[in-house]
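Contents: one structure, followed by commentary.
No lab work stands behind these numbers, since they all come straight from the coordinates. Bear in mind that the values here come from a model prediction, so they are computed numbers and not experimental data. Cβ atoms come from the backbone with ideal geometry, glycine included; neighbour counts cover every protein chain shown.
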Amino acid sequence: MREVGQQGFRLILASASPRRRELLTQAGYVFDVEPAEIDETPRAQELPGAYVQRLAEEKAEAVLAKHAAFHGKLIVLGADTTVVCGGEILAKPESAADARRMLRLLSGRTHQVLTGVAAATREGVVSAVESTEVVFAEIPEAELERYCATAEPLDKAGAYGIQGYAARWIPRIEGDYFNVMGLPIARVVRLVEQSLTLR
């Protein structure tokens, strides 16, 4: 456990994602990692933005609740990313067949990547949603099959990671690149600063 140090508060990342861990380190934070276990089922008629924001808040609050005995300033950061194409929420694929279905849906189209981020403290929760538009070229079927035969698409929303093999299909994005990786750094920094002002 890392106590409050030079940054003036203890920070916990409520996510097991190695990409989020890497990005938060890149942003200069010192933190612990405690993944949150919550039900991630979308609610009936829940819009994608509201969905990722709710999950980010629930993850952060679930981990915060485990540290009632901690004395000092504590911030828990929760995040949830999803891909939206044609109004459909594309979470992590359940199988290689599901990954193929998602990538065929994304092929040759523009979609949105939404990340909800939340900073929870004992004084309250601040949260936001970052949206990035991602343009996919047509994916050759042979490349799609090779990619889906690997494990790479299975732990990623929309069955791809912009920093991996799928980069070859992405000619353009509009918005925050790090958001597509799963953690919009600039937005996170603003939320952490905002959470420090809660009373």
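What FRET efficiency comes out for the pair E152/D32, r = Cβ-Cβ distance, R0 = 30 Å, nearest 0.05? Between E152 and D32 the formula returns 0.65. Restricting attention to the stretch 10-195, close to 80% of DSSP beta bridges with both partner residues there are antiparallel. Here the 3J(HN,Hα) profile of the stretch 169-177, calculated from phi with Karplus coefficients 6.51, -1.76 and 1.60 at θ = phi - 60°, is 9, 10, x, 7, 10, 10, x, 7, 4 Hz, Gly and Pro shown as x. How much net charge surrounds A137 when only other residues with a Cβ under 11 Å from its Cβ are counted (Lys, Arg +1; Asp, Glu -1)? So the surrounding residues net to +1.
Taking a straight Cα-Cα cut-off under 19 Å and skipping sequence neighbours fewer than 8 places away in the same chain, the aspartates and glutamates within cross-link reach of K73 are E3, D32, E34, E57, E61, E123, E193. The trypsin sites (Lys or Arg not before Pro) found in the stretch 42-127 that occupy coil by DSSP, while having at most 16 further C-beta atoms within 10 Å, are R43, K73, R109, R122. Per residue, the chain reaches -9000 deg cm²/dmol at 222 nm when only DSSP H runs of four or more residues are counted, each adding -39500 (n - 2.57).
Close amide H pairs (under 5 Å, H built 1.01 Å from N) link V33 with L13, residues at least 5 positions away or on another chain. Taking Cα atoms only, the orientation of helix 185-195 departs from the longest principal axis of the chain by about 30 degrees. Note on the stretch 10-195: dipole from Cβ charges, positive end direction compared against A36, Q53, I12; the farthest Cα belongs to I12. Legend: ranking of residues D39, D80, D98 from fewest to most surrounding C-beta atoms inside 10 Å; resulting order D39, D98, D80.
Between helix 48-64 and the chain there is an angle of about 40 degrees, using the helix long axis and the longest principal axis of the Cα atoms. Loop-resident GluC sites (Glu not before Pro) (DSSP state other than H, G, I, E or B) in the stretch 1-88 with no more than 11 further Cβ atoms inside 10 Å of their Cβ: E3, E37.
Karplus-based coupling profile of the stretch 97-103, in residue order and whole Hz: 5, 5, 4, 4, 4, 5, 5, with θ = phi - 60° in 6.51 cos²θ - 1.76 cosθ + 1.60 and x standing for Gly or Pro. Residues in the stretch 150-159 carry Karplus couplings, in order, of 9, 8, 4, x, 6, 10, 10, 4, x, 6 Hz; the curve used is 6.51 cos²θ - 1.76 cosθ + 1.60 with θ = phi - 60°, and Gly or Pro positions show x.
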